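Visitor: Input: one structure, supplied below.
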Amino acid sequence: MPLGYISRRLFHLLLIMVGVSVLVFLMLRMIPGDPARLLLGELASPDELARLRTQLGLDQSYLTQYAIYVKNLLLGDFGKSVRTGAPIANEIGVRLLATIELSLAAMVIATLFGIAAGVVSSVKQYTLLDYGSMFLALIGVSMPIFWLGLMLIYLLSVKFPILPMMGRITMGLEAPPVTGLVVIDTLIAGQLGAFWDSLQHLFLPSFTLATIPMAIIARITRSSMLEVLNKDYVRTARAKGLNEVIVILRHALRNAFLPVVTVLGLNFGLLLGGAVLTETIFSWPGLGRYVVDSLMSRDYAAVQSCILIFAVVMALINLVVDLVYVVLDPRIRVQ
Amino acid sequence: MRKWAILIMLALIVWPALAAGQAVTGGTLIWGRGGDSVSLDLANATDGESIKAGIQVLENLVIFGKNSMDVEPQLAESWKVSDDGLTWTFKLRKGVKFHDGTPFNAKAVYDSFARVIDKNHPFYSFGKWKYVNMSLGMVNEVKIIDDYTIALVTQKPYAPLLNNLALWLCPILSPKAMEQYKDQIGLNPVGTGPFKFVKWVKDDQIILERNNDYWGEKAKLDRIILKSIPEPSARLMALQSGTVDIADDLDPDSINLVKKEGKHAIIERPSINVGYLAMNTEKPALKDPRVRQAINHAIDKATLIKTIFQGLAIPAKNPFAPSIWGYNDSIKEYEYSPEKAKKLLAEAKFDMNMELELWAMPVSRAYMPDPVKTAELIQAYLAAAGIKAKIVRQEWGAYIEKTSNGLHDMCMFGWLGGNADPDNFLYGLLSADMAKTPGAANVALWKNAEYTEICLKAQKIFDKGERTKLYMKAQEIFHADAPWVPLVHSTVVRCYSKKLHDVPLRPNGLNSFQMVWKEK
């Protein structure tokens, strides 16, 4: 079953990529602002502008431009950034991995703490614990990331300097890149000191990024758990005399997990694209900042490639979420 | 008795040196700044962050002084101009090596310059050479005379060339590296400077190391790390926590806070930039110089500086800043006086029901940190003098395009100052030659024949004293005819740790850190 299903989904992914690439291509060109003018600045003469437009292929029709773009893409060539002149594949690679590292860490924090808070507050409904954790979740969801990030830096890096405020690792401790995720690379290289150092660097930005999904996950887990806790099978489990912990974790939580997994997947996708603010505050060299900078200078090729990658990642996450459904709930069968 | 006198004198000489501390070699300087560099091949660079890093690695034939904009020798030892004013001959320094070991000679200068202006040069296609008109645009030919002599032949006698050569736009790079890296030389710069390029982690940091084979006095620091910290508050906190030694481009609030705390060193220097309001002299409403003078009288620059710049700027009365030679200080500023403005408008029979368009820049710059607020302030001042103004906003590309076609009544602009030659401002931004649409850099579209004549004449004269006289006169004409309201020259500020010493600051904010040293 899953193999045919997966291949069909992967085919859908192809359609999504075509759709996204067309949309982004057209939308970018609808934004006012001539890339050549932005590149050359206020002093450029009409001749120089024309020369650069030809060089960038901007004097061609949209159809030709798109055809060239797709052809190069199929050959694995993302093109060159007009802003920096470097091949876009090189530019994106490192930054994408930095963003993935940050988002993964944030997701781990959000999932662990969010589910724990949700379970506790559902089990201890209408107690101080419940009110307390849901109040915190409300704060978490409404706290501006920008403000929170700066406050955390002020408190934990400036006032009481216990955590580093920027970057991925202390200079000189870098391990040879294998996965591109600094935390994992240091571990592979067996450098425990560097591993600890990179974890410390990761903590403040990933915690900041985790607050909103953590709050959402906590609230979803709570309501989903409350629904399940009154079900017959939970009562049966309790009647069998099972340990309460097993009742909660195996019988209740597993059944309550489906909506949580959906939210997890959605949030992970959002984190990848929405890490711009966190990356800016903590000087994290990620893809979010790169997209914004590229967009500002109308670096069409760079923006197109980034959005395409985001779309693919998002679609893959959705696929994984759907597969996890099957694992979690055997009742779900796909035709 | 004589012995005592000598001893006391010696003590007096030595004492200050001891008190200031001896320069020590070693240490790493961490330099926090707002963004990453784009390209370290500075002939291609147009952004401050690229220049800041690149000038540590690359050197020019001539360079500006440590704290001034006067031109001094660097890789050229001496130069002379031929009698017809067309050929500049430079004697080059001997025994200099690029960081990759390639010897520095006339061939290196030839390749570095010819690639920018000669379409047939093999390296021409490796760059976009956006600002060629500000650098070598006037040069027709680069000639190797012998291994250590190079000649530049210009289209016409052109005195500002020397200042152009001191700009970041004219660096000398290793020919071997240019050939090897092709259009990626900007990611792997190889020059002759006191620091060599080591590593670049995009959007994060650039690492430079001392060049131990440097031809001149070797750098004191072991290493410079330029760290991108895009968020200004985070940059301030990085300075406060000691994570960085220098924090660039702090906002005025942060600078005032640093001053109040007194824990860090600060240098302030009037910059060479200018922020201005250009009035389109071709629009009927603004044709009469009395109307333009009235607008000059209507705007209170002191309040503008206090509110928008929080004091970090000086009022402008000429098109360029007092830190540049040739500044005419005898010109009397149009003082703030709504009454005088009203009187002049009445004399000129200005139609008070007419609404003028005031174009506000959509991007902020050092000379215009908050363009929209500035426009609102100007709008209010104009209203007080009886002139109705409507603020117009456009996206930056469109703004440049349309103002250079003369579609505006009044528009805000500024100029960073480039080569710090008066010509750069007076001819480049105000001459009739630059007022041709489309693509006018003179957005006042001011076409004053006498003024333009003076600017052209000054370009052909090589004596600074003579040129100064001409520029003094040009500024008088500018003042009387008032095509602009010169608003401000902003202040450049450098905030840094007190552990750093001999930190330089040129009026354009761009310096080599060769002599900077750090206490252990």
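Visitor: Mind checking Rg over Rh on segment B:160-259, alpha carbons, Kirkwood formula for Rh? Walk me through the numbers on the way to the answer.
Guide: On the way: Rg = 17.0 Å, Rh = 16.2 Å.
Value, to two decimals: 1.05.
Visitor: Give the shape of chain B as rounded, prolate or oblate, defined through the alpha-carbon gyration tensor: a ≥ b ≥ c are the square roots of its eigenvalues, a/c under 1.5 means rounded, and otherwise the shape is prolate if a/b is larger than b/c and oblate if not. Can you show the working numbers first?
Guide: Numbers: a/c = 1.72, a/b = 1.36, b/c = 1.27.
Here chain B falls in the prolate category.
Visitor: Looking at chain A as a GNM with Cα springs under 10 Å, which of A:GLN65, A:GLN200, A:GLN55 has the largest mean-square fluctuation?
Guide: For chain A, modelled as a Gaussian network with Cα springs under 10 Å, the answer is A:GLN55.
Visitor: Counting other Cβ atoms within 10 Å, keep those with at most 16, restrict to DSSP loop, and tell me which GluC sites (Glu not before Pro) in segment B:173-230 are left.
Guide: Working: sites: B:GLU179, B:GLU209, B:GLU217; in loops: B:GLU217.
Answer in residue order: B:GLU217.
Visitor: What do you get when you divide the Cα radius of gyration of segment B:228-284 by 2.2 N^0.38 Å, with N the number of residues?
Guide: Normalised by 2.2 N^0.38 Å, the Cα Rg of segment B:228-284 equals 1.67.
Visitor: Which semi-axes, in whole Å and largest first, does the equivalent ellipsoid of segment B:461-520 have when worked out from the alpha carbon gyration tensor as the square roots of 5 times its eigenvalues? Please report the intermediate quantities before stating the final value.
Guide: Details: eigenvalues 293, 63, 8 Å².
Largest first, segment B:461-520 gives 38, 18, 6 Å.
Visitor: Step by step: find N for segment B:400-520, compute 2.2 N^0.38 Å, then divide the Cα radius of gyration by it. What's the final number? Walk me through the intermediate numbers first.
Guide: Details: Rg = 18.7 Å, N = 121, 2.2 N^0.38 = 13.6 Å.
Cα-based Rg divided by the globular estimate yields 1.37.
Visitor: Once segment B:253-380 is represented by equal point scatterers at the alpha-carbon sites, with solvent omitted, what log10 I(q)/I(0) does the Debye formula produce at q = 0.13, 0.21 Å⁻¹?
Guide: After summing over all Cα pairs, the log10 values are -0.65, -1.41.
Visitor: Go ahead and estimate [θ] at 222 nm for chain B from helices alone: -39,500 (n - 2.57) per DSSP H run with n ≥ 4, summed, over the residue count, rounded to 500.
Guide: Working: 15 runs with 160 residues, N = 520.
The helix contribution divided over chain B gives -9000 deg cm²/dmol.
Visitor: Give me the mean projected area, in nm² to one decimal, of the convex hull enclosing the Cα positions of chain A. Intermediate results must be reported in sequence, preceding the final value.
Guide: Values: hull surface 91.1 nm².
Over every viewing direction, the Cα hull of chain A projects on average to 22.8 nm².
Visitor: Note down, for segment A:182-335, the three equivalent ellipsoid semi-axes (square root of 5 times each alpha carbon gyration tensor eigenvalue), biggest first, whole angstrom. Display every interim value, and only then the final one.
Guide: Details: eigenvalues 281, 91, 44 Å².
Taking √(5λ) for each Cα gyration eigenvalue gives 37, 21, 15 Å.
Visitor: Next question, about the same structure. Per-residue HN-Hα couplings for segment A:27-38, Karplus 6.51 cos²θ - 1.76 cosθ + 1.60 at θ = phi - 60°, whole Hz, x for Gly and Pro?
Guide: 4, 4, 7, 7, 5, x, x, 8, x, 4, 5, 5
Visitor: Take peptide A:286-297, look around each residue's Cβ out to 10 angstrom, count Cβ atoms belonging to other protein chains, and average those counts. Mind showing how you got there, number by number?
Guide: Details: counts 2, 1, 0, 5, 3, 0, 1, 5, 0, 0, 2, 1.
That average works out to 2.
Visitor: Provide the per-residue ³J(HN,Hα) series for segment A:82-91, in order, calculated from phi with Karplus coefficients 6.51, -1.76, 1.60 and θ = phi - 60°, each as a whole number of Hz, with x at glycine and proline positions.
Guide: Each residue's phi maps through the Karplus curve to give 6, 6, 10, x, 8, x, 5, 4, 5, 5 Hz.
Visitor: Further question: Using a Gaussian network for chain A with springs between C-alpha atoms less than 10 Å apart, which of these wobbles most: A:LEU152, A:LEU249, A:LEU209?
Guide: Looking only at A:LEU152, A:LEU249, A:LEU209, the largest GNM fluctuation is found for A:LEU249.
Visitor: Around B:ASP300, which amide H atoms from residues at least 5 apart in sequence, or from another chain, sit under 5 Å from its own amide H, with H modelled in the peptide plane?
Guide: Amide H to amide H, under 5 Å and 5 or more residues apart or across chains, B:ASP300 pairs with nothing.
Visitor: Here is a follow-up. When ranked by the protection proxy of mean other Cβ atoms within 10 Å per residue, highest first, what sequence do the peptides B:467-476, B:364-373 form? Please report the intermediate quantities before stating the final value.
Guide: Numbers: B:467-476: 20.5, B:364-373: 18.7.
Those peptides, ordered most packed to least, come out B:467-476, B:364-373.
Visitor: Bin all alpha-carbon pair distances of segment A:220-280 at 10 Å intervals from 0 and give each bin's fraction as a whole percent.
Guide: In order of increasing distance, the bins hold 22, 36, 21, 14, 7, 1 percent.
Visitor: In addition: At 37 °C and 0.692 mPa s, what whole-number value in µm²/s does Stokes-Einstein give for the translational diffusion of segment A:41-157, with Rh from the Kirkwood sum over Cα pairs? Write down the numbers at each step before the final one.
Guide: Working: Rh = 19.8 Å.
Using the Kirkwood radius from Cα pairs, D works out to 166 µm²/s.
Visitor: Can you give the average number of partner chain beta-carbon atoms within 10 Å of each beta-carbon in peptide A:164-175, as a whole number? All intermediate terms of the calculation are to be shown ahead of the outcome.
Guide: Numbers: counts 2, 7, 13, 7, 2, 0, 0, 10, 1, 0, 2, 0.
The per-residue average across the peptide is 4.
Visitor: Next up: What FRET efficiency comes out for B:GLU450 versus B:GLU333 if R0 is 25 angstrom and r is the Cβ-Cβ distance? Round to the nearest 0.05. Walk me through the numbers on the way to the answer.
Guide: On the way: r = 22 Å, r/R0 = 0.89.
It comes to 0.65.
Visitor: Okay, moving on. Any idea what angle helix B:106-117 forms with the longest principal axis of chain B, computed on alpha-carbon atoms, 0 to 90 degrees, nearest 10?
Guide: The angle comes out near 30 degrees.
Visitor: Pop out the Kirkwood hydrodynamic radius of the protein assembly as shown from its pairwise C-alpha distances, inverse of mean 1/r, in Å to one decimal. Intermediate values should be presented prior to the final figure.
Guide: Working: mean 1/r = 0.0328 Å⁻¹.
The answer is 30.5 Å.
Visitor: Order by neighbour count: B:TYR181, B:TYR381, fewest other Cβ atoms within 10 Å first, most last. Don't jump to the answer; show the numbers that get you there.
Guide: Values: B:TYR181 18, B:TYR381 23.
With the fewest neighbours first, B:TYR181, B:TYR381 line up as B:TYR181, B:TYR381.
Visitor: Continuing with this model, one more query. Please give the helix B:449-459 orientation as an angle from the longest Cα principal axis of chain B, in degrees from 0 to 90, rounded to the nearest 10.
Guide: Orientation of helix B:449-459: about 10 degrees from the principal axis.
Visitor: For chain A, what is the mean residue ellipticity at 222 nm derived from helices alone (per DSSP H run of n ≥ 4: -39500 (n - 2.57); sum divided by total residues; nearest 500 deg cm²/dmol)? If you can, show how the numbers build up before the last one.
Guide: Values: 14 runs with 238 residues, N = 335.
-24000 deg cm²/dmol, from helical runs alone.
Visitor: Using the Karplus curve 6.51 cos²θ - 1.76 cosθ + 1.60 with θ = phi - 60°, work out ³J(HN,Hα) for each residue of segment B:470-476 in order, rounded to whole Hz, and write x for Gly and Pro.
Guide: 5, 5, 4, 5, 4, 5, 5
Visitor: I've got another one for you. Check which residues have an amide H placed less than 5 Å from B:ILE145's amide H, if you skip close sequence neighbours.
Guide: B:ILE150, B:ALA151
Visitor: Taking square-rooted eigenvalues a ≥ b ≥ c of the alpha carbon gyration tensor, is segment B:37-170 rounded, prolate or oblate, where a/c under 1.5 means rounded and, failing that, a/b exceeding b/c means prolate?
Guide: Values: a/c = 1.24, a/b = 1.19, b/c = 1.04.
It comes out rounded by the Cα gyration axes.
Visitor: Rounded to the nearest 5, what is the percent of antiparallel bridges among the DSSP beta bridges in the protein assembly as shown? Intermediate values should be presented prior to the final figure.
Guide: Details: 58 of 74 bridges.
In the protein assembly as shown, DSSP labels about 80 percent of beta bridges as antiparallel.
Visitor: Can you pull a Stokes-Einstein diffusion coefficient for segment A:72-128 at 25 °C (0.890 mPa s), Rh from Kirkwood over Cα pairs, as a whole number of µm²/s?
Guide: Stokes-Einstein gives a translational diffusion coefficient of 165 µm²/s.
Visitor: Over all residues in B:230-239, what is the mean tally of Cβ atoms on other chains that come within 10 Å of each residue's Cβ? Mind dumping the intermediate values first?
Guide: On the way: counts 9, 11, 0, 6, 11, 2, 3, 8, 6, 1.
The mean count of partner-chain Cβ atoms within 10 Å per residue comes to 6.
Visitor: I need the chymotrypsin sites (Phe, Trp or Tyr not before Pro) found in segment A:97-158, filtered to DSSP loop residues with at most 10 other beta carbons within 10 Å of theirs. Intermediate results must be reported in sequence, preceding the final value.
Guide: Details: sites: A:PHE113, A:TYR126, A:TYR131, A:PHE135, A:PHE146, A:TRP147, A:TYR154; in loops: A:TYR126.
Sparse-neighbourhood loop chymotrypsin sites (Phe, Trp or Tyr not before Pro): A:TYR126.
Visitor: If each of A:VAL292 and B:ALA383 carries a label point 7 Å out from its Cα toward its Cβ, how far apart are those two points in nm?
Guide: Inter-label distance under the simple model: 3.3 nm.
Visitor: With a Förster radius of 35 Å, plug the Cβ-Cβ distance of B:LYS94 and A:SER45 into 1/(1 + (r/R0)^6) and report the FRET value to the nearest 0.05.
Guide: Numbers: r = 39 Å, r/R0 = 1.13.
With a Förster radius of 35 Å, E is 0.35.
Visitor: Using the beta-carbon distance between A:LYS71 and A:LEU323 and R0 = 30 Å, what value does 1/(1 + (r/R0)^6) give for FRET efficiency, to the nearest 0.05?
Guide: Values: r = 33 Å, r/R0 = 1.10.
Efficiency, rounded to the nearest 0.05: 0.35.
Visitor: With a 10 Å Cβ neighbour count serving as the proxy for reagent exposure, in which order, fewest first, do A:THR280, A:THR262 appear? Write down the numbers at each step before the final one.
Guide: On the way: A:THR280 20, A:THR262 16.
Sorted ascending by nearby Cβ count, the order is A:THR262, A:THR280.
Values in this text are rule-based calculations from the coordinates and carry no lab data. Nothing here was measured: the structure is a model prediction, and the numbers come from that model. Neighbour counts are summed over all protein chains in view; Cβ atoms, including those assigned to glycine, are modelled from backbone coordinates with ideal geometry.
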